[in-house]
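The values are calculated or read from the model by the stated rules, or taken from the named source; none is laboratory data. The structure displayed is predicted, hence computed values, not measured ones. For neighbour counting, all protein chains shown are included, and Cβ atoms are generated from backbone atoms with ideal geometry for every residue, glycine included. Heavy atoms of the whole protein, side chains included, go into the accessibility calculation; ligands, DNA and RNA do not. Shrake-Rupley method; radii C 1.70, N 1.55, O 1.52, S 1.80 Å.
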Amino acid sequence: MLKRTFLLASLMVICFVASVIIHEAGHAVAGKLFGLGNPIINVWPGIELFPSIGKTVSTNPWPANAVAYVTFIPETPTFAVEFPASTQSLLLDAKLKLIDTHTYHDNIFLPIVGLMGSGTTYIMSLFCTLYLYLLKPKGVLRAVIATGTFLFYDILCYTVFPVFFGMSHLVFIGGAQPEPIISLVNMGMSFNIAVTLILGVCGAHILAIYYVARKKGLFFAKST
């Protein structure tokens with residue numbers, strides 16, 4: 001019993017650390033794909049985790065109560081030589097073109113980038129739940145996958161505590177704004193529908209985990 005308790009406690013700590021990294025990685029990858037620039041991931045207490053590991057070099061003050069955050073550095077302008085579409089002439093009038101990309105705060109994809117933090121942790125949680133149900137892993141792998149099924153706590157807490165209690169999403173630490181709700185609203189969804197959607201999805205996920213636990217076992221497989 002003591003060994004199992006220690007294992008579960010260790011997995012929960014690992015789950016929390018993993019959820020923070022997955023959350024910020026979701027923002028970073030989405031931001032890179034949608035042209036916000038090159039991402040820099042910083043984690044508390046002031047460590048740059050990506051693209052290099054070391055003391056954060058950001059000149060911005062650390063966001064209040066934040067566990068981690070992502071900033072985007074605009075990509076540097078590049079130059080390219082363009083030739084006219086027609087190549088019939090032997091004298092090609094080459095032109096120098098500036099290819100410039102910036103981080104635009106009015107980027108239409110910003111809401112998606114904002115949603116893909118908690119959205120990515122939820123996707124991982126869903127993947128772990130399906131993996132547990134369909135592939136029936138055993139041993140330590142099962143315990144790790146079972147822990148991963150609870151990664152949805154991120155999007156749930158990011159909704160419940162800021163919206164209903166005006167608290168940080170981890171009660172005392174973490175962002176104080178309902179990040180996924182704000183993102184959905186900026187995508188055109190009403191506030192009430194956004195809250196209801198996330199609570200409904202998380203409620204269904206809890207029921208799915210409960211079903212798997214009863215039928216198959218959760219951290220430890222049921223003997224047949």
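If you go through the range 178-188 and pick out every residue that is open to solvent by less than 60 Å² (accessible area, probe 1.4 Å) and in contact with a Leu (Cβ under 9 Å, 6 or more places away or on another chain), you end up with 4. Set side by side, the residues 212, 160 differ, and just one is touching a Leu at 6+ places or on another chain (Cβ under 9 Å), of a type outside the set (Gly, Ala, Ser) and more than 27 Å from residue 66 (Cβ to Cβ), which is 212. Residue 199 passes all but one of (1) closer than 30 Å to residue 4 by Cβ; (2) open to solvent by 50 Å² or more (accessible area, probe 1.4 Å); (3) in contact (Cβ under 8 Å) with a residue 40 or more places away in the chain; which number fails? (1) is the only condition that residue 199 fails. Of the residues that make up the range 139-149, is at least one surrounded by fewer than 17 Cβ atoms within 10 Å (Cβ to Cβ) and under 19 Å from residue 199 (Cβ atoms)? No, there is no match, as no residue in the range 139-149 is surrounded by fewer than 17 Cβ atoms within 10 Å (Cβ to Cβ) and under 19 Å from residue 199 (Cβ atoms). Where strands (runs of 3 or more DSSP E) fall wholly inside the range 24-112, the ranges with 1 or more residues that are at pLDDT 85 or above, over 14 Å from the mean Cα position of the chain (by Cα) and surrounded by 11 or more Cβ atoms within 10 Å (Cβ to Cβ) are 38-43, 47-50, 68-73. Among residues of the range 161-177 being free of Cβ contacts under 8 Å to residues at least 24 places away in the same chain and not in a loop (DSSP other than H, G, I, E, B), the one that is least open to solvent (accessible area, probe 1.4 Å) is 162.
Counting residues in the range 210-223 that are touching a residue at least 60 places away in the same chain (Cβ under 8 Å), among the hydrophobic types (A, V, I, L, M, F, W, C) and not in a loop (DSSP other than H, G, I, E, B) gives one or more.
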